[in-house]
Amino acid sequence: MAHTDLGYLERFCKGDRSRMEKYIRLYMDASPGLFAQLQERQAAGDAEALAISAHSLRPQVNYMGAQGLFDLLTAIELRARAEGASACATQVTEACDLNENVMAELRSALGHP
């Protein structure tokens, strides 16, 4: 099952492959640190910071067409605000794992195994 759909990015970049690759590389460079921050904020019990982190990741994930990850980040944001950071532990782990799958697909799209 595919975790990404680069059709949105392709439309956004008007089919310009080099521009698409630039955005993919930016995501691949930034996302490990951003997902680590998500984990740190969850572990620290900071519900508002966790919600903000999840919310801020959504546009980047959306550009990569990672709808499942986008939906999970939305759920984390809402749950953190409603139930606190500790209620989001499983979802944060799932999001980080799912991002690994997204990253693998993006590496493949760039021609890197």
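Derivation of every value follows stated rules applied to the coordinates shown; laboratory data play no part. In this text, all values refer to a predicted model and were calculated from it rather than measured experimentally. Cβ placement follows ideal geometry from the backbone for every residue including glycine, while neighbour counts extend to all protein chains displayed.
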Open item on the list: Under a crude label model (7 Å from the Cα following the beta-carbon direction), how far is Ala36 from His112 in nanometres?
Closed with: 1.6 nm
Open item on the list: Of the candidates Arg17, Arg81, Arg58, which one comes out as most mobile in a Gaussian network treatment of the chain with C-alpha springs shorter than 10 Å?
Closed with: Arg17
TODO: Evaluate the distance, in nm, between pseudo-label points positioned 7 Å from the Cα of Ala104 and of Met1 along their respective Cα→Cβ axes.
DONE: 1.4 nm
Task: Radius of gyration, Dmax [region 69-113; alpha carbons; angstrom] - done: 13.2, 42
TODO: Would you mind telling me which residue in Ala36, Ala54, Ala95 has the biggest mean-square fluctuation in a Gaussian network model of the chain, where springs connect alpha carbons within a distance under 10 angstrom?
DONE: Ala36
- [ ] Multiply the residue gap between Arg19 and Ala89 by 0.36 nm, knock off their C-alpha separation, and tell me the result in nm, one decimal place.
- [x] 21.7 nm
Open item on the list: Modelling each spin label as a point 7 Å along the Cα-to-Cβ direction, I'd like the Leu78/Phe12 distance in nm, to one decimal.
Closed with: 2.3 nm
TODO: For region 7-109, just list the percent of Cα-Cα distances falling in each 10 Å bin from zero outward, please.
DONE: 17, 48, 25, 10, 1
Open item on the list: What is the angle, in °, between the Cα long axis of helix 89-109 and the longest principal axis of the Cα atoms in the chain? Nearest 10 is fine, range 0 to 90.
Closed with: 10 degrees
